[in-house]
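Notes to accompany the following structure.
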Amino acid sequence: MLKFKIKTKDVTSIPDEIILEAAEDILKNNILMSMASLHGVENTPWINTAYYAYNNQARLFYMSPQDAIHTKNITVDQHVAVSIFDSSQQPDSHKRGLQLTGFCQVAHSVDLVTGIKEYGLRYASFAIKSVDDLEKLSSRMYIIKPTLIKVFHEELLGDEKWVTVEIER
């Protein structure tokens, strides 16, 4: 269950517990995220897709090769934007999705151990069970720490209603 503290929200009539439930439902029922970063000296937008896991603070964990364009981008500028949604949802159904902005970096120490654990729980076939296993790969574990989350979940929040929350850290 998500337990992050909401610092501010743009729709005060919706209780925090409902917002957390909506965000959790979206994170739990999807497995892919699209992440945008800035590329090169001209800050050209770049987008990639990755499998993710998450913890109760809505921190996202993903694996990526060290030589990937998005990986190189975050070594220069850690700001990212992420979108998570079910691409098979129909226009006439209750829509839901999540967008966030935050900071991305290589996971170290406690974050790395947490990322390996959460990834292993989410993807049972995931062969990486320890930091030593990960060190044998060219990929690394990355963590995204959201600062702002926009939740769109018509079933829980109402038709055409989305809520943007700032996360207290």
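The values are calculated or read from the model by the stated rules, or taken from the named source; none is laboratory data. Quantities reported herein were computed from a predicted structural model and do not represent experimental measurements. Ideal geometry is used to build each Cβ from the backbone, glycine not excepted, and the neighbour counts take in all protein chains shown.
Tabulated data for the structure shown
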quantity: Residue in the range 85-98 that is in a strand (DSSP E or B) and hydrophobic (A, V, I, L, M, F, W, C) present; calculated: yes
quantity: Tally of residues being under 18 Å from Gln99 (Cα atoms) and assigned to a loop (DSSP other than H, G, I, E, B) across the range 54-82; calculated: 6
quantity: Top-ranked residue in the range 123-145 [being under 19 Å from the mean Cα position of the chain (by Cα) and under 18 Å from Ile31 (Cβ atoms); ranked as modelled with the lowest pLDDT]; calculated: Phe126
quantity: Selected residue (criterion: nearest to the chain's Cα centre (by Cα)) from residues of the range 5-53 that are farther than 21 Å from Lys161 by Cα and in a loop (DSSP other than H, G, I, E, B); calculated: Tyr52
quantity: Residues within the range 95-119 that are farther than 30 Å from Asp159 by Cβ and touching a residue at least 12 places away in the same chain (Cβ under 8 Å), tallied; calculated: 13
quantity: Criterion: in contact with a Lys or Arg (Cβ under 8 Å, 6 or more places away or on another chain) and either hydroxyl-bearing (Ser, Thr, Tyr) or assigned to a helix (DSSP H, G or I) (or both) - qualifying residue of Gly120, Gly102; calculated: Gly120
quantity: Hits in the range 94-129 - residues which are hydroxyl-bearing (Ser, Thr, Tyr), surrounded by fewer than 12 Cβ atoms within 10 Å (Cβ to Cβ) and more than 16 Å from Tyr51 (Cα to Cα); calculated: Ser109
quantity: Residues of the range 30-47 classified as farther than 21 Å from Val151 by Cα and of a type outside the set (Ser, Thr, Tyr), total; calculated: 8
quantity: Residue match in the range 54-61 (condition: modelled with pLDDT of 95 or more and small (Gly, Ala, Ser)); calculated: yes
quantity: Residue within the range 15-36 that is touching a residue at least 40 places away in the same chain (Cβ under 8 Å), of a type in the set (A, V, I, L, M), in contact with a Ser or Thr (Cβ under 6 Å, 6 or more places away or on another chain) and surrounded by 14 or more Cβ atoms within 10 Å (Cβ to Cβ) present; calculated: yes
quantity: Neighbours by Cβ (under 8 Å, 6+ apart or cross-chain): first from the range 153-169, surrounded by 14 or more Cβ atoms within 10 Å (Cβ to Cβ); second assigned to a helix (DSSP H, G or I) and among the charged types (D, E, K, R); calculated: His153/Asp25; Leu156/Glu21; Leu156/Asp25; Lys161/Glu154
